[in-house]
1. Heavy atoms only, probe 1.4 angstrom, no DNA, RNA or ligands counted: give me Lys222, Lys232 ranked by accessible area, highest first.
2. With an 8 Å Cα cut-off and a minimum separation of 6 or more residues, compute the relative contact order for region 286-412 in percent.
3. Quick one: what Rg and Dmax do you get for region 75-145 from the alpha carbons, in Å?
4. How much of the calculated P(r) for region 149-293 lies past 25 Å, in percent of all Cα pairs?
5. Below 8 Å, C-alpha to C-alpha, sequence gap of six or more: please give me the relative contact order for region 75-151 in percent.
6. Can you list which of the GluC sites (Glu not before Pro) found in region 76-150 are DSSP loop residues with at most 12 other C-beta atoms within 10 Å?
7. Evaluate 2.2 N^0.38 Å with N set to the residue count of region 1-60, then give the Cα radius of gyration divided by it.
8. Using the heavy atoms of the protein chains and a 1.4 angstrom probe, tell me the accessible area per residue for region 87-208 in square angstrom.
Amino acid sequence: MKEELLNRFTSYITIDTQSDDDSDTCPSTAGQWDLARHLERELKEIGLTEVTLDENGYVMATLPANTDKEGVPTIGFIAHMDTATDFTGAGVKRQIVENYDGGDIVLNRGLNIVLSPREFPELVTYKGQTLVTTDGTTLLGADDKAGITEIVTAMAYLVQHPEIKHGRIRVAFTPDEEIGRGPHKFDVPAFGADFAYTMDGGPLGELEYESFNAAQAVLTFKGVNVHPGTAKGKMIHSAKIAMAFHDRLPAGEAPEFTEGYEGFYHLISLQGNTEQTKLVYIIRDHDKELFAHRKATVEAIADEFRQTYGEDRIVLDLKDQYYNMREKIEPVKYIVDIAHEAMTNLGIAPIVKAIRGGTDGSQLSYMGLPTPNIFAGGENFHGKFEYVSLETMQKATEVIVEVAKLVEQRGQ
């Protein structure tokens with residue numbers, strides 16, 4: 001299975017599917033169409049039915065039930081096709097590190113890029129395993145092409161092993177998760193699952209049914225630019241106003257200083273000059289009241305700056321993105337228990353924790369499809385140090401199969 005996983009994963013990561021927040025199309029980039037069409041063909045080839053690719057780039061397919069038992073729920077498995085906007089995903093050149101020795105991994109000798117346990121201590125836990133890395137010039141795309149690989153491989157395995165009884169299984173691959181739009185055009189009734197799982201987590205054993213509440217704040221600061229030699233009393237420097245705004249946010253409440261259930265304000269983009277400057281923040285908190293307080297803080301500072309610099313000098317566009325899926329999953333927490341049992345049956349220690357981020361499940365759960373998240377195996381997402389263990393990918397594939405078996409055995 002490891003060779004099958006590697007070959008399939010390689011075929012996906014060589015397709016550039018980086019999403020684009022500035023695009024208003026769905027999917028936001030042409031590369032996602034390329035992967036969607038590839039998956040459409042592959043799902044048909046492995047024997048799935050009802051394979052569809054809709055006008056918005058969503059791929060769906062069915063593995064029909066092979067059990068006579070009545071009342072078995074239809075379950076779904078979901079992963080996203082796009083890669084992050086933070087770092088390029090074009091021209092991915094994977095490297096294979098077999099029987100990893102626990103030391104430094106030279107990703108790119110010419111550029112002196114080294115993946116080292118000194119900076120990433122969790123690396124030592126993968127000693128003896130087969131790792132897939134980048135060449136240090138791109139991200140890898142394990143987020144979430146590892147999840148796609150595991151779902152497709154699990155479906156192929158179930159097709160090849162009809163002695164494993166299961167109910168109807170639906171799979172879906174979505175565009176634009178990394179820019180928060182993954183479920184925006186997801187047709188929940190057409191998907192037709194009672195509940196689902198995203199395969200979009202990190203290390204072995206992760207099982208998550210809590211996510212951040214999330215918002216985006218775009219602040220535009222408008223200045224006045226004149227020649228610096230005659231600027232006294234005339235120039236209004238928008239970038240300096242923006243810097244002053246950023247300094248008003250709590251310095252310690254940023255991603256690099258927070259963990260667990262601690263929320264944050266994260267400046268993800270700064271573009272500007274004297275005339276106009278734009279700051280883009282994401283605002284995150286697991287607690288609904290603290291989330292509301294964070295948004296109110298941004299609004300209050302913006303109002304204060306308008307009073308100081310003028311009403312038209314600061315424009316704030318503040319929008320909610322998704323909410324903590326715990327509220328929708330707790331009433332049906334047995335679906336988390338099934339995944340927990342599947343891992344335990346396979347000798348995997350479940351790590352139940354809150355996601356410090358979001359998955360498609362965050363929005364899908366509010367759209368009527370409860371969707372917790374299961375590990376896919378990747379580490380160091382969104383950058384050149386991203387890697388994945390083939391052994392962990394195999395375990396994730398086995399979890400999918402085991403979940404299907406348990407749902408069939410439990411029936412209603």
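1. So the residues, ranked largest to smallest area, are Lys232, Lys222.
2. Working: 77 pairs, mean separation 27.1, N = 127.
Relative contact order comes out at 21 percent.
3. Final numbers for Rg and Dmax: 13.7, 48 Å.
4. Tail fraction, whole percent: 54.
5. Relative contact order for region 75-151 comes out at 45 percent.
6. Glu98, Glu119
7. Normalised by 2.2 N^0.38 Å, the Cα Rg of region 1-60 equals 1.24.
8. Values: 4500 Å² over 122 residues.
Per-residue value: 37 Å².
The values are calculated or read from the model by the stated rules, or taken from the named source; none is laboratory data. Since this is a predicted model, take the numbers as computed values, not measurements. When we count neighbours, we look across all protein chains shown, and the Cβ atoms used for this are built from the backbone with ideal geometry, even at glycine. Surface accessibility is based on the protein's heavy atoms, side chains included, excluding ligands, DNA and RNA. Shrake-Rupley method; radii C 1.70, N 1.55, O 1.52, S 1.80 Å.
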